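Presented below is the structure to which this report refers.
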Ligand SMILES: [Cu+2]
């Protein structure tokens with residue numbers, strides 16, 4: 001070990017507190033790591049290094065995605081860069097990291113790396129620290145700090161996944177609203193035609209005022225329902241605007257016509273519960289907390305003879321539900337305290353953290369099962385609509401048309417049958433949307449994106465006649481042989 | 001355990017498999033009895049009469065056993081084609097509804113075996129015939145009900161001649177609603193004067209075969225949609241054929257719930273009989289429309305002296321329609337082509353109907369432009385030599401021909417009119433007709449004014 005190297009180190013350590021304040025640079029490590037974690041789980045690139053929404057390039061990219069129809073992928077991409085709350089959480093993680101660096105609990109990555117490039121190893125560095133601080137205490141605190149930063153990182157990454165799930169739910173809701181509006185318009189067309197026909201029938205002397213008023217009231221009612229659907233659509237649109245951080249002229253985006261096709265089969269999901277336990281970031285964050293407390297306990301036991309330095313781990317739960325956690329260093333006088341109380345406290349904290357971890361794991365499993373159940377039920381419902389309810393409603397219209405043709409029923413009954421079919425299609429959109437909502441919830445519960453099995457063409461069209469009953473047999477009655 | 005998924009699957013399977021019910025399959029060979037008019041059975045040796053022809057039906061053969069004419073009726077479910085395109089799940093006798101006509105001569109001793117192959121008990125009442133009380137066939141009142149599988153024997157001597165019927169007197173509402181009935185003709189032992197050349201019989205009946213169904217609904221009391229001569233409806237009813245100069249007798253029984261004014265074109269009925277026998281010649285009267293009351297019989301006779309195709313039909317215009325709705329919005333005079341175009345966007349295939357009347361509708365269905373519910377006949381239909389006839393139900397044609405051979409009941413085809421005897425279309429200027437223009441009275445009610453304004 002040369003004296004010259006030691007001198008260099010001393011300089012570094014002394015410089016650290018000064019440099020810590022400037023460590024929050026674009027492309028910060030926390031941001032990159034969170035991006036990487038999220039990216040791995042949603043199977044899409046996530047890049048926060050490009051800049052903030054106020055940057056020109058980011059704005060251009062967002063505008064380009066808003067120019068044509070806003071796909072779900074585009075909505076997610078925009079939300080990730082443009083949602084200010086997401087930005088705030090990232091910044092908060094950077095603040096946490098900066099605080100740790102400032103407190104000397106983390107290496108400054110910039111300077112630490114450049115210096116190490118010139119040197120042979122790290123042992124000499126540690127020995128240098130030994131000169132200043134107790135080796136055990138500092139490395140323990142550093143480890144603790146790293147563990148805690150990891151937890152923050154995981155929590156921010158989880159919040160990005162939550163945001164994605166929320167964007168998905170909102171986008172599905174909005175497209176479903178839009179599809180429903182088209183159907184409301186169709187119903188209004190039908191009732192308007194009926195009301196107009198009734199008006200002319202009345203004028204021709206063929207219908208009473210009473211019956212005319214009845215048809216007009218149907219139309220008045222359906223117009224109101226259409227207006228309500230429009231209002232719901234607008235409200236849901238604003239929800240998505242909020243999630244995507246859009247305002248002003250950026251809110252004039254268009255939507256695709258319909259929800260994505262529902263796959264014929266559900267994705268194979270073996271061991272999804274176990275995978276979720278592996279993948280869920282909030283669970284990993286809780287695990288990090290357990291590790292942090294465990295570390296704290298370990299070091300406290302090791303250093304109980306050194307009562308001047310105490311290592312603790314604090315979890316403060318605010319009344320408003322927020323938490324503040326972190327390692328702490330205590331300096332005390334070893335007169336009465338031999339460390340027992342601290343150890344007992346940490347042991348209790350460990351049990352608390354472990355219990356919370358276990359409960360969260362149980363919750364995660366339950367969430368996965370619940371979401372899988374909802375997804376399967378929605379899938380069944382979608383199929384039931386496709387295979388039974390929609391073809392039957394269509395058949396009722398076809399058969400009613402035949403009755404109309406035979407002058408057996410009137411045009412109003414025909415239009416009523418059509419309305420019933422449209423209402424069934426509207427309900428179908430509801431289960432169709434529920435399928436994708438459950439899908440988003442399952443992905444959120446499982447902590448990662450699921451691959452969508454290949455969809456079956458146009459099978460989910462609201463107008464789609466499934467197997468036509470007529471194809472199953474020709475009925476001949478006229479044959480008298 | 002049945003899960004929700006299973007239930008959903010079952011729902012889908014039910015739908016997929018339940019499209020065609022057995023009710024709508026064509027009748028099998030065993031179920032089919034031809035609905036064509038069968039040639040009559042010749043009168044037995046020793047008596048002289050024109051044997052009765054059952055319109056779209058047949059006469060039951062008998063065996064002689066020890067001086068007794070023995071008939072055998074079997075009450076059973078049958079399939080009946082009401083007209084091409086419509087097969088009805090009926091109950092009847094010996095494979096048909098109406099059952100075969102029993103034809104006898106006054107003074108005959110008859111023994112009629114009645115076998116019950118129905119799913120419930122039955123009995124037979126011999127409507128109008130004077131007989132021992134215990135032979136009257138009123139289940140529970142004059143005899144035990146004939147249980148399924150049982151055969152009962154009715155035996156009596158025919159002391160009258162005339163036109164009678166048979167029908168069940170057990171669960172009568174259902175059994176008659178499903179078509180159980182038949183005619184019972186008793187000829188006089190001595191030849192009639194003037195001699196009858198052709199003797200037709202049929203029963204008026206109504207059925208409620210709701211559109212798209214195949215089984216008559218026995219619960220219907222008045223709103224029937226099938227108005228039948230011998231369980232056939234136009235265009236399924238055979239013509240009544242005569243040779244010019246024939247004296248024709250038509251015996252019309254009514255087992256429906258409505259009375260029917262049966263109108264004949266080109267001649268007039270001489271009303272000669274009821275279900276109680278013959279009307280004294282001095283009391284007979286003529287009319288072109290023979291009103292047949294419910295549960296009664298009218299016999300009308302005429303000399304077929306005018307060749308041609310003469311309509312014979314119930315004069316209640318709704319009785320010469322097939323299935324139709326009675327609560328259909330009235331579109332007469334309501335212009336709505338533009339609305340129809342809008343409706344067609346929602347319901348492709350929709351056509352505006354009724355604005356100018358309903359003949360257009362008949363044309364559409366005749367040309368097959370418009371699909372109807374299965375097993376359902378068009379409301380009005382039929383094609384004649386000059387175009388659409390636009391009838392249904394109780395409508396047929398009396399065909400009188402110079403060259404129709406005696407005893408030949410086959411359809412001679414459409415009448416060929418002598419030149420200049422068919423109404424023609426006026427070409428050129430139409431003379432100014434005399435007419436009266438509508439003028440409202442000054443005290444026109446406000447509603448009417450509102451409408452015209
Ligand atoms: Cu009638």
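The values are calculated or read from the model by the stated rules, or taken from the named source; none is laboratory data. Not measured: the values here are computed from a predicted model. Note that each Cβ is placed from the backbone with ideal geometry, even for glycine, and that neighbours are counted across all protein chains shown.
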Just to be sure before I move on: is residue A:143 modelled with pLDDT of 95 or more and either touching a helix residue (DSSP H, G or I) at 6+ places or on another chain (Cβ under 8 Å) or under 30 Å from residue A:280 (Cα atoms) (or both) in the structure I sent? no
Restricting segment B:201-221 to residues that are within 16 Å of the ligand (Cβ to nearest atom) and in a strand (DSSP E or B), which is nearest to the other protein chains (Cβ to nearest Cβ)? B:207
The lone exception for residue A:425 - which of (1) within 7 Å of chain B (Cβ to nearest Cβ); (2) surrounded by 21 or more Cβ atoms within 10 Å (Cβ to Cβ) it fails: (1)
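Considering only segment B:303-326, state which residues are more than 7 Å from chain A (Cβ to nearest Cβ) and in a loop (DSSP other than H, G, I, E, B). Lay out the reasoning, then the answer.
Narrowing segment B:303-326 to residues more than 7 Å from chain A (Cβ to nearest Cβ): B:303-322, B:326.
Of everything in segment B:303-326, those that are more than 7 Å from chain A (Cβ to nearest Cβ) and in a loop (DSSP other than H, G, I, E, B) turn out to be B:304, B:305, B:306, B:307, B:315, B:316, B:321, B:322, B:326.
Is it true that some residue in segment B:310-317 is closer than 17 Å to residue B:230 by Cβ and more than 13 Å from the ligand (Cβ to nearest atom)?
No - not one qualifying residue is present in segment B:310-317.
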Can you pull out the residues in segment B:69-101 that are within 10 Å of another protein chain (Cβ to nearest Cβ) and outside any strand (DSSP E or B)? B:84, B:85
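Might you let me know whether segment B:157-169 holds any residue that is touching a strand residue (DSSP E or B) at 6+ places or on another chain (Cβ under 8 Å), away from chain A (no Cβ under 14 Å), within 16 Å of the ligand (Cβ to nearest atom) and part of a strand (DSSP E or B)?
Residues of segment B:157-169 touching a strand residue (DSSP E or B) at 6+ places or on another chain (Cβ under 8 Å): B:157-158, B:160-169.
Still in the list and also away from chain A (no Cβ under 14 Å): B:157-158, B:160-169.
Checking which are within 16 Å of the ligand (Cβ to nearest atom) leaves us with none.
Checked segment B:157-169: no residue is touching a strand residue (DSSP E or B) at 6+ places or on another chain (Cβ under 8 Å), away from chain A (no Cβ under 14 Å), within 16 Å of the ligand (Cβ to nearest atom) and part of a strand (DSSP E or B).
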Determine which member of the set A:281, A:240, A:214 is buried (at least 19 other Cβ atoms within 10 Å of the Cβ) and either closer than 21 Å to residue A:73 by Cα or within 14 Å of chain B (Cβ to nearest Cβ) (or both). A:240
Consider residue B:355 carefully, then state whether it is within 14 Å of another protein chain (Cβ to nearest Cβ) and over 27 Å from residue B:97 (Cα atoms). yes
With the checklist (1) surrounded by 20 or more Cβ atoms within 10 Å (Cβ to Cβ); (2) more than 21 Å from residue B:52 (Cβ to Cβ); (3) away from the ligand (no atom under 15 Å from the Cβ) in hand, flag the one item residue B:225 doesn't pass. (3)
All positions within segment B:113-125 that are crowded, with 23+ Cβ neighbours inside 10 Å and assigned to a strand (DSSP E or B): B:116, B:122
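Each row is one residue, and each column tells you yes or no for (1) within 18 Å of residue A:366 (Cα to Cα); (2) part of a loop (DSSP other than H, G, I, E, B); (3) touching a helix residue (DSSP H, G or I) at 6+ places or on another chain (Cβ under 7 Å).
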{"residue": "A:258", "(1), (2), (3)": "no, yes, yes"}
{"residue": "A:261", "(1), (2), (3)": "no, yes, no"}
{"residue": "A:265", "(1), (2), (3)": "no, yes, no"}
{"residue": "A:270", "(1), (2), (3)": "yes, yes, no"}
{"residue": "A:275", "(1), (2), (3)": "yes, no, yes"}
{"residue": "A:278", "(1), (2), (3)": "yes, no, no"}
{"residue": "A:284", "(1), (2), (3)": "yes, no, yes"}
Criterion (away from the ligand (no atom under 16 Å from the Cβ) and farther than 23 Å from residue B:236 by Cβ) met by exactly one of B:344, B:251: B:344
Consider residue A:192 carefully, then state whether it is free of Cβ contacts under 8 Å to residues at least 40 places away in the same chain, within 14 Å of chain B (Cβ to nearest Cβ) and surrounded by fewer than 22 Cβ atoms within 10 Å (Cβ to Cβ). yes
Does residue B:144 count as modelled with pLDDT of 95 or more, away from chain A (no Cβ under 14 Å) and out of contact with any strand residue (DSSP E or B) (no Cβ under 7 Å at 6 or more places or on another chain)? yes
Filtering segment B:231-248 for residues that are more than 14 Å from the ligand (Cβ to nearest atom), surrounded by 24 or more Cβ atoms within 10 Å (Cβ to Cβ) and either outside any strand (DSSP E or B) or without any contact (Cβ under 8 Å) to a residue 60 or more places away in the chain (or both) leaves a count of 2
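Working carefully through the options A:442, A:360, find the one that is away from chain B (no Cβ under 13 Å), over 30 Å from residue A:233 (Cβ atoms) and assigned to a helix (DSSP H, G or I).
Values: A:442 fails: over 30 Å from residue A:233 (Cβ atoms).
Only one candidate passes the filter, namely A:360.
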